[in-house]
Amino acid sequence: WTMSTADNELAQLEKQYWQALKDKDAKACAELCDDPSLVAGAQGVSSITKEQMAAMVQQGGQYLLEEYELKDMRTRMLGLDVGCVAYTVHEKLTVDGKSVSFTAADTSVWVKRGAKWLCAMHTESIHGDPFGRDRTEMRQQ
């Protein structure tokens, strides 16, 4: 099995995005995003403009991405100008001054606007029990 040119391009763009996050390259992150792009993860769902993305990366907030490793990347073209990428990522971060690491499943949807691919949606789900039993205590009422 070999990836098509578009599949390979999307995989490379996803890798570029992660490297830009690690490098805190706000301009590169913003240039790779659609305007706006949707984001879903542990903190909920949001719609982020290019300007908001650049500001988030530039300010850094309370975390610093130290290392990342993308594994088991899969791509699927949904048409000539839409494709998706799914993979596992292992992240090592400093959050509020403390070292944190975890593994997550991530997905991105890329759309081609003119000659340029842009990320229209990204999701991240931290690995664990699919019913959340490893995170929350079940309470009886």
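The values are calculated or read from the model by the stated rules, or taken from the named source; none is laboratory data. Given the structure is predicted, the values throughout are model-derived calculations rather than measurements. Here the Cβ positions follow ideal geometry from the backbone for every residue, glycine too, while neighbour counts run over all protein chains shown. The accessibility values were calculated without ligands, DNA or RNA, using every heavy atom of the protein model including side chains. Shrake-Rupley method; radii C 1.70, N 1.55, O 1.52, S 1.80 Å.
Worth pointing out:
A quick yes/no check of all residues on (1) of a type outside the set (Val, Ile, Thr); (2) open to solvent by 90 Å² or more (accessible area, probe 1.4 Å); (3) out of contact with any Cys (no Cβ under 6 Å at 6 or more places or on another chain); (4) in contact (Cβ under 8 Å) with a residue 12 or more places away in the chain:
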| position | (1), (2), (3), (4) |
| --- | --- |
| Thr5 | no, yes, yes, no |
| Leu10 | yes, no, yes, yes |
| Trp18 | yes, no, yes, yes |
| Lys24 | yes, no, yes, yes |
| Cys33 | yes, no, no, yes |
| Pro36 | yes, no, yes, yes |
| Ala40 | yes, no, yes, yes |
| Ser47 | yes, no, yes, no |
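- Top-ranked residue in the range 63-85 [being in contact with a strand residue (DSSP E or B) (Cβ under 7 Å, 6 or more places away or on another chain) and aliphatic (A, V, I, L, M); ranked as nearest to Thr107 (Cα to Cα)]: Val85
- Some residue of the range 85-93 being at pLDDT below 95, surrounded by 13 or more Cβ atoms within 10 Å (Cβ to Cβ), farther than 19 Å from Lys15 by Cα and not small (Gly, Ala, Ser): no
- Gly60 falls short on exactly one of the conditions (1) open to solvent by less than 40 Å² (accessible area, probe 1.4 Å); (2) out of contact with any strand residue (DSSP E or B) (no Cβ under 6 Å at 6 or more places or on another chain); (3) in contact (Cβ under 8 Å) with a residue 12 or more places away in the chain; (4) under 30 Å from Pro130 (Cβ atoms), and that condition is (4).
- Selection status of Glu124, surrounded by 15 or more Cβ atoms within 10 Å (Cβ to Cβ) and part of a strand (DSSP E or B): yes
- Restricting the range 80-114 to residues that are assigned to a strand (DSSP E or B), more than 20 Å from Asp34 (Cα to Cα) and of a type in the set (Gly, Ala, Ser), the residue that is farthest from the chain's Cα centre (by Cα): Ser99
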